[in-house]
Amino acid sequence: MLGCNWYSTAEQVTQGLDGSGLTAIVTGASSGIGTETARVLAMRGVHIIMAVRNLTAGYSVSDSIVKEIPTAKIDVMELDLTSMASVRKFASEFTAQNHPLNILINNAGVMACPFALSKDGIELQFATNHVGHFLLTHLLLENMKDTARKSKIEGRIVNVSSEGHRFAYSEGVRFDKINDQSQYNSLYAYGQSKLANILHANELCRRFKEEEVDVTANSLHPGSIITNLLRYHSIIDVLSRTVGRLVLKNTQQGAATTCYIALHPQVKGVSGKYFSDSNIAEPSAKAKDTELAKKLWDFSLELIS
């Protein structure tokens, strides 16, 4: 984006934009860049659905945003991405309320946690960062397509990935070893899940073009940010909150690229791209592998069926 850089904040990249009449779901909106994304888009007039695991935290954030921005339109709904039942319940309740859906921001995530399985028996990082969001997107796609058709406004899906996608396992996605605890590496598993976010967006883009649907799908690196994602790595966490303040983005800067892709007219018609610092960036070769993206799509469909 012209004039945008590493230092730009979410407020700066959306300055002067009007999101009135648009509805956006933001997952993981009760902390970190999810909160800032919700706050800034609400400031620009977007009706925000905060999809959060902890309702108490969600309502607390919602109240603070409304206190700051009295015109903000915000709803809080429960969503636990580690549980397919919870994702299905969320999608069903959202659909029952007849909300249109213009923007879906798949933001929530866990990072480099010890080996664990989700409620559905899938390795936790892959389950939370990819499978939960894949299912959510899958269940809301018809609503998004329908909204785009009726409103004549382009729908946008935004997957928050990471430069960590470059540090996935050597084969990219370990389809046959997703749950292999003996070969589990918390950082490689994180990279695998973030690679999956990019591949998911790319395959969505390919399908939308085939169907000639007015919905775009992009992924992004928010920047290295001071958030609670590093809580499982105590030494790195301490460093990030001390020395890191000099080299890491704060949440206002970290939410910039998400808000830019979600709302800015400069991104109209742009799909299947990977962004960093509100500019198109170059992901890894694995992230651009169309066959890998198709294989992941089929594998994910099997997991959610």
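Brief remarks on what is shown
- Just one residue in the set Ser20, Ser8 is surrounded by 15 or more Cβ atoms within 10 Å (Cβ to Cβ), in a loop (DSSP other than H, G, I, E, B) and more than 19 Å from the chain's Cα centre (by Cα); that residue is Ser8.
- Some residue of segment 123-133 being among the acidic types (Asp, Glu), within 24 Å of Thr216 (Cβ to Cβ) and in contact (Cβ under 8 Å) with a residue 12 or more places away in the chain: no
- Answer residue from segment 227-253, given it is buried (at least 20 other Cβ atoms within 10 Å of the Cβ) and not in a strand (DSSP E or B) and is modelled with the lowest pLDDT among those: Thr227
- Contacts under 6 angstrom Cβ, first residue in segment 48-76 being farther than 19 Å from Pro100 by Cβ, partner modelled with pLDDT of 95 or more and assigned to a helix (DSSP H, G or I), 6 or more apart: Val52/Gly58; Val61/Thr35; Ile65/Arg39; Ile65/Ala42; Ile69/Ala42; Ile69/Met43
- Some residue of segment 53-67 being hydroxyl-bearing (Ser, Thr, Tyr) and within 15 Å of Ala255 (Cα to Cα): no
- Residue in segment 187-198 that is farther than 25 Å from Asn102 by Cβ, surrounded by fewer than 16 Cβ atoms within 10 Å (Cβ to Cβ) and out of contact with any Lys or Arg (no Cβ under 6 Å at 6 or more places or on another chain) present: yes
- Scanning segment 26-52 for residues that are over 15 Å from the mean Cα position of the chain (by Cα), surrounded by fewer than 24 Cβ atoms within 10 Å (Cβ to Cβ) and in a helix (DSSP H, G or I) yields a single hit, Met43.
- Output for segment 67-92, where each listed residue is surrounded by fewer than 16 Cβ atoms within 10 Å (Cβ to Cβ) and within 19 Å of Leu136 (Cα to Cα): Glu78, Ala85, Arg88, Lys89, Ser92
- Residue within segment 113-136 that is within 30 Å of Lys268 (Cα to Cα), of a type outside the set (S, T, N, Q), assigned to a strand (DSSP E or B) and within 12 Å of the chain's Cα centre (by Cα) present: no
- From Phe126, Phe175, residue being modelled with pLDDT of 95 or more and surrounded by fewer than 16 Cβ atoms within 10 Å (Cβ to Cβ): Phe175
- Hits in segment 153-184 - residues which are assigned to a helix (DSSP H, G or I), farther than 26 Å from Asp277 by Cβ and in contact (Cβ under 8 Å) with a residue 12 or more places away in the chain: Gln181
- Residues in segment 254-305 that are part of a loop (DSSP other than H, G, I, E, B) and either in contact (Cβ under 8 Å) with a residue 40 or more places away in the chain or touching a helix residue (DSSP H, G or I) at 6+ places or on another chain (Cβ under 7 Å) (or both): 13 in all.
The values are calculated or read from the model by the stated rules, or taken from the named source; none is laboratory data. Computed from a predicted model, the values in this text were never measured in an experiment. All Cβ positions, glycine included, derive from the backbone under ideal geometry; neighbour counts span all protein chains shown.
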